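What follows is a single structure, written as structure tokens, with notes after it.
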């Protein structure tokens, strides 16, 4: 891995892309034009906005929260704000890159919010050709609306995004029988729990603390995570601690004792044992092996 950074850079949508009358920011770019016949290599960083990469013909690799995916034809990557990634796209790759802040789409009705939450539960989807052509047509329409900026184009873009996410969910449901037992309420509560984990993992590590913040009992929170992800809240808390530790180990030059402190552990040896139990490596060995 290239030289370590002091902290993981956070990228923002350029303020010049903010449009009058739009709540939040939105942009769409043609990948072939963006690459301009050159490879694109992005080092490890995170965004404060949704990042959707829709690739028609492409090669390279995309690593998201330390899981590596091969970039190929007819693939979709959908990342939430806060996720860490690094991306290599080869020259000649085609498709679209869509970026928007939460406020841009969350300003829609509640069904739209639920649709985005459900769609962004999985970061990668390989799409069959016919379905991909539909997605590509929707994005081409969005691209033209964004380029021309005729009256009402903002609302048209939001409506087209609804169509895009619906088509993406159909693709997933065709590949795997949809779980009709997951209600919109359960999905919404799961998303809330995951958001709270992202914000409070350094100071809150008990299931009861998160249940309290959500005005739920620990039993109710357990039912929500088991139904939707087949994992207990404790498992998800531990997974998130490990993920944050990995982010800090690989993208910062902080010492292990500093990282333990940042994650809320006064006892460094306890943190090291916890990390080794869940990864099979000590923090230092993990950092050395990954470079």
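Each reported figure results from applying straightforward, stated rules to the coordinates on display, with no laboratory input. Note that this is a predicted model, so its numbers are computed, not measured. Cβ placement follows ideal geometry from the backbone for every residue including glycine, while neighbour counts extend to all protein chains displayed.
The angle separating the long axis of helix 268-279 from the principal Cα axis of greatest extent in the chain is about 50 degrees. For the chain, the longest principal axis of the alpha carbon atoms and the long axis of helix 233-251 meet at an angle near 80°. Between the stretch 58-135 and the stretch 240-286, the alpha-carbon centres lie 29 Å apart. Shown for 277, 246: other C-beta atoms within 10 Å of each C-beta, ranked fewest to most, produce the order 277, 246.
What length, rounded to one decimal in nm, is gained on full extension from residue 114 through to residue 148, with 0.36 nm per residue of separation minus their alpha-carbon distance? Mind dumping the intermediate values first?
Details: separation 34, 0.36 × 34 = 12.24 nm, distance 2.93 nm.
Stretched out fully, the residue 114 to residue 148 stretch lengthens by 9.3 nm.
The ranking of 273, 80 from fewest to most other beta carbons within 10 Å of each one's beta carbon is 273, 80. Pick out which of 95, 60, 280 has the largest mean-square fluctuation in a Gaussian network model of the chain, springs linking Cα atoms closer than 10 Å. Result: 280 has the largest fluctuation of those listed.
Restricting the calculation to Cα atoms, the stretch 201-291 shows an Rg/Rh of 1.03 when the hydrodynamic-style radius is the Kirkwood one.
Rounded to a whole number of µm²/s, how large is the Stokes-Einstein D of the stretch 10-175 at 4 °C and 1.567 mPa s, given Rh as the Kirkwood radius over C-alpha pairs? It comes out at roughly 81 µm²/s.
Please report the relative contact order for the chain, taking Cα pairs under 8 Å with a sequence separation of at least 6, and give it as a percent rounded to a whole number.
Reported as a whole number, the value is 17 percent.
For P(r) over Cα pairs in 10 Å bins from 0, in percent, pick the label among [x] 6, 27, 32, 21, 10, 2, 0; [y] 6, 25, 33, 26, 10, 1, 0; [z] 6, 29, 37, 21, 6, 1 that corresponds to the value derived from the coordinates. Read-out from the structure maps to [y]. Here the relative contact order of the stretch 10-175, from alpha carbon pairs under 8 Å that lie six or more residues apart, stands at 25 percent.
Relative to the longest principal axis of the chain, what angle (0 to 90°, nearest 10) does the C-alpha long axis of helix 184-200 take? The helix 184-200 is inclined about 60 degrees to the chain.
Each of 247, 172 has some number of other Cβ atoms within 10 Å of its Cβ, and from fewest to most they run 172, 247.
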